[in-house]
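See below for the structure under consideration.
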C-alpha cells in the first residue's frame, strides 16, 4: 500500500463556518456473481460480478473553523477489477475492467467473458477477483484555508465461489459405416464413452442430422441404461444418405439423453462426428444385339454393369417401349450385382412396319434393393436400338451368289424341258 498526499488550497472570501472532520472510515468491498454461479462443462458465458461498498464513516467531528473535505474516506476511487481463473477449469477472456468510483452503500458491475473447459471436473472452485482502488486515508487542515489530502492505494483479492455441475460428456473414439452410400440406407457403428463427471441413468444415445447434412438418421436411438463415468457403449444406427451426396465424410450429431444426479432428464452436450459416405450405386448399359428391322419381332440384348460403389441386391432391368416399339416382355432379372459386375438382359420387342431407319434411345432403369432391403430405382439409362432397312436377296447372298443361284435355276429348268421332250415313251 502506498500513500499519496495532495494539498488543496481553499480561498475564503467569508469567515469559515462550522465544518465536519471525519475521524475514521474506509471502503469495505465485497463481490458476488449477479445470477447463478452454477455452470456446465463447455459453457461460454458473460459473467457479471457485482462489487458492493458497505464502508462506513465511523467517527466525525463538527466544529467551527473546520473545512469539510470534498472526498469521503469510505468512497472507493479509480477502482479496477481483474478476474483470474485460479485453479478452476475455465478460461477468462477479458482484461481488467475499469469500474470507476463506488461511494458507500453503492455497487457497480464488472463484466467478464469466461469459457468453462469442455471436460471440466465437477466441483466448487474459488476464482480470485483482484480489486485495486484508492481512498481518502487522511485529510489535514493547515490554517483556515488549506486541506492536505492523503490517499491510500489498496490491492485486495476476493474469492468468488463457482460450481461446475456434474454432467455426462461423451467422446467417440471410433466411427464406422457399412453400406452407407449415396442414395441408399446403411449402418453407422459408434463407440461412445462417458468422459464426463455424472453417472447417467436410463441413458439413450441418439444421433441426429447436423444442419443441412446429407446424412439423415432413420433409426437414431440406442438404449444403454446405466452409463457411469468411464463406461463405453457400442451402438448401431441406421441412416439414409441423399442421392446427390458425394464420396466423402458428412457431419452427424451425437448426444445422450439421460437421468442426471438430480433426477432430471437432460441432454448431454452434442458431439459432432464425421461419417464416411461411399459413392452411389450407378449403372451403365451397352447394346449387344440391338438391330431390328421395320415390321420385325425381335429379341434385343443389352449388358448392364454396376459402376457404383456398393452391391445392388435382387436387381432387375426394365425398358420402356415407345413408338415405334412395343413389348410384352420389358423386364429382365439381373440378380445380385457387386461393383463392376456385368449382367446380360434380353427383351422381346415388336417394331412398327412404318418405322424410320435410325437409332432410337429407349428409356431403361435398374430396380434393386439395398443391404437393408429398401427398394431403389436407378437413374434413367438410355438403351440404344438401331432400326435398319430389311435386307434384300442381293444383300443377303451377294452378286456372285445370286448369279450362281440363277445358273442353278436355269439348269434345273433346262433339264426339266429336256426330259419332257426327249425322254423315250
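The values are calculated or read from the model by the stated rules, or taken from the named source; none is laboratory data. Worth saying up front: this structure is predicted, and the values here are computed from it rather than measured. Positions of Cβ are generated from backbone atoms using ideal geometry, with glycine treated the same way; all protein chains shown enter the neighbour counts.
Out of (1) outside the structural domain of residue 376 (by TED's automatic domain parsing); (2) not in a strand (DSSP E or B), what's the single condition that is false for residue 323?
The single condition residue 323 does not satisfy is (1).
Checking residue 175 against (1) over 22 Å from residue 28 (Cβ atoms); (2) assigned by TED's automatic domain parsing to the domain that holds residue 49; (3) in contact (Cβ under 8 Å) with a residue 40 or more places away in the chain, which single condition isn't satisfied?
Result: residue 175 fails condition (2) only.
Residue 289 - would you say it is surrounded by fewer than 18 Cβ atoms within 10 Å (Cβ to Cβ), over 20 Å from the mean Cα position of the chain (by Cα), outside the structural domain of residue 190 (by TED's automatic domain parsing) and without any contact (Cβ under 8 Å) to a residue 60 or more places away in the chain?
Judged against the criteria, residue 289 is a match.
Can you tell me which residues in segment 78-96 are surrounded by fewer than 16 Cβ atoms within 10 Å (Cβ to Cβ) and assigned to a strand (DSSP E or B)?
Correct list: 78, 91.
Going by what's in this entry, would residue 284 be described as in a strand (DSSP E or B) and either modelled with pLDDT of 95 or more or farther than 30 Å from residue 306 by Cα (or both)?
For residue 284, the condition - in a strand (DSSP E or B) and either modelled with pLDDT of 95 or more or farther than 30 Å from residue 306 by Cα (or both) - is met.
Identify the single condition in (1) buried (at least 20 other Cβ atoms within 10 Å of the Cβ); (2) on the phi > 0 side of the Ramachandran plot that residue 133 does not satisfy, given that it satisfies every other one.
Evaluating residue 133 over (1) buried (at least 20 other Cβ atoms within 10 Å of the Cβ); (2) on the phi > 0 side of the Ramachandran plot leaves (2) as the failure.
Which condition from (1) surrounded by fewer than 19 Cβ atoms within 10 Å (Cβ to Cβ); (2) without any contact (Cβ under 8 Å) to a residue 40 or more places away in the chain is the one that residue 371 breaks?
(2)
Tell me whether segment 391-400 contains one or more residues that are assigned to a loop (DSSP other than H, G, I, E, B), surrounded by 11 or more Cβ atoms within 10 Å (Cβ to Cβ) and modelled with pLDDT under 95.
For segment 391-400, residues assigned to a loop (DSSP other than H, G, I, E, B), surrounded by 11 or more Cβ atoms within 10 Å (Cβ to Cβ) and modelled with pLDDT under 95: absent.
Under the condition of being in a strand (DSSP E or B) and over 28 Å from residue 184 (Cβ atoms), which residue from segment 292-319 is nearest to the chain's Cα centre (by Cα)?
301
Test residue 331 against the stated conditions and say whether it is under 31 Å from the mean Cα position of the chain (by Cα) and more than 30 Å from residue 190 (Cβ to Cβ).
Taking the combined requirement at face value, the residue does not satisfy it.
Considering only segment 240-273, state which residues are farther than 21 Å from residue 167 by Cα and not in a strand (DSSP E or B).
242, 243, 244, 245, 246, 247, 248 - these are the residues of segment 240-273 that are farther than 21 Å from residue 167 by Cα and not in a strand (DSSP E or B).
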